[in-house]
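The following block contains the structure, expressed as structure tokens.
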């Protein structure tokens, strides 16, 4: 299973092509500005956060191969911060073109994009940092109580191995689930910064943390968190807990947990 997710696309090409053709929104790191197809209405953007803003309940988002930064954004005074990529109040399908080559990078220098698509409905971010430390890198999801769960499929979650990035003691929880049902399939959670022989596991990286406490005082407004992981690899995640569920429900099926030995 490890070789399938880390060395191949993780699925048959016919399935990948079908997901691309059925998508409502395409994310492609190579484009410079958002594109809207006049005939189909399909939107193409270059950032996952823009895809989340444009998505509606049940939207299918397809992510082309590339590296996509998932970082914490600070206000101008640096007094508070919140996740730069978050999903609130809706369920979507987030599907990558390749488990090997669709990489979500945490704790890396953010590249400046030329333009950002604006959401059709303004998102409230007042609860996004409730219960989360100011030095925590995470992709935050608070899904709605819809008929179908949010699906995240065919991605590598990776902590940046970038000595030039000032971590300032930041920690990483690749995926924070504050509410709603989330299913993970064919994903690799890599805490070691890649397959390089010099890469070592980080002691401040966890994979999945699901808790209604993330929403703080607003927890009662969202459904309790529920997370299911199927056919996923958890590689070197060894901080508080690789897969942690508090005040919610969690299940792990056909997954592989691997611990790297540190050379430090």
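Within the stretch 231-240, identify whether any single residue is under 22 Å from residue 91 (Cβ atoms), buried (at least 18 other Cβ atoms within 10 Å of the Cβ) and at pLDDT 80 or above, and answer yes or no.
Of the residues in the stretch 231-240, the ones under 22 Å from residue 91 (Cβ atoms) are 231-232.
So of that shortlist, the ones also buried (at least 18 other Cβ atoms within 10 Å of the Cβ) come out as 231-232.
Retained after the next criterion (residues that are at pLDDT 80 or above): 231-232.
Within the stretch 231-240, one or more residues are under 22 Å from residue 91 (Cβ atoms), buried (at least 18 other Cβ atoms within 10 Å of the Cβ) and at pLDDT 80 or above.
Here's a follow-up. What pairs come up if the first residue lies in the stretch 52-78 and is on the phi > 0 side of the Ramachandran plot, the second is assigned to a strand (DSSP E or B) and modelled with pLDDT of 95 or more, and their beta carbons are under 9 Å apart, counting only those six or more places apart or on different chains?
If the second residue must be assigned to a strand (DSSP E or B) and modelled with pLDDT of 95 or more, the pairs left are 58/93; 66/27; 66/102; 66/103.
Looking at 49, 33, which is the one that is outside any strand (DSSP E or B), under 17 Å from the mean Cα position of the chain (by Cα) and modelled with pLDDT under 95?
49
Within the set of pairs 6 or more residues apart or between chains, which connect a residue that is touching a residue at least 12 places away in the same chain (Cβ under 8 Å) inside the stretch 3-23 to a residue that is assigned to a helix (DSSP H, G or I) and surrounded by 15 or more Cβ atoms within 10 Å (Cβ to Cβ) with Cβ atoms less than 7 Å apart?
Pairs found: 9/16; 10/4.
Being assigned to a loop (DSSP other than H, G, I, E, B) and closer than 15 Å to residue 209 by Cβ is the filter here; which residues of the stretch 233-242 pass it?
237, 238, 239, 240, 241, 242
I'm told residue 5 meets every condition in (1) at pLDDT 95 or above; (2) touching a strand residue (DSSP E or B) at 6+ places or on another chain (Cβ under 8 Å); (3) surrounded by 18 or more Cβ atoms within 10 Å (Cβ to Cβ) except one. Can you identify the failing condition by its number?
Checking residue 5 against (1) at pLDDT 95 or above; (2) touching a strand residue (DSSP E or B) at 6+ places or on another chain (Cβ under 8 Å); (3) surrounded by 18 or more Cβ atoms within 10 Å (Cβ to Cβ), the one that fails is (1).
What residue, among those in the stretch 178-200 that are under 14 Å from residue 106 (Cα atoms) and out of contact with any helix residue (DSSP H, G or I) (no Cβ under 6 Å at 6 or more places or on another chain), is modelled with the highest pLDDT?
The qualifying residue modelled with the highest pLDDT is 189.
The values are calculated or read from the model by the stated rules, or taken from the named source; none is laboratory data. In this text the structure is predicted, and so the values were computed from the model without any measurement. With ideal geometry, Cβ positions are generated from the backbone for all residues, glycine too; neighbour counts draw on all protein chains shown.
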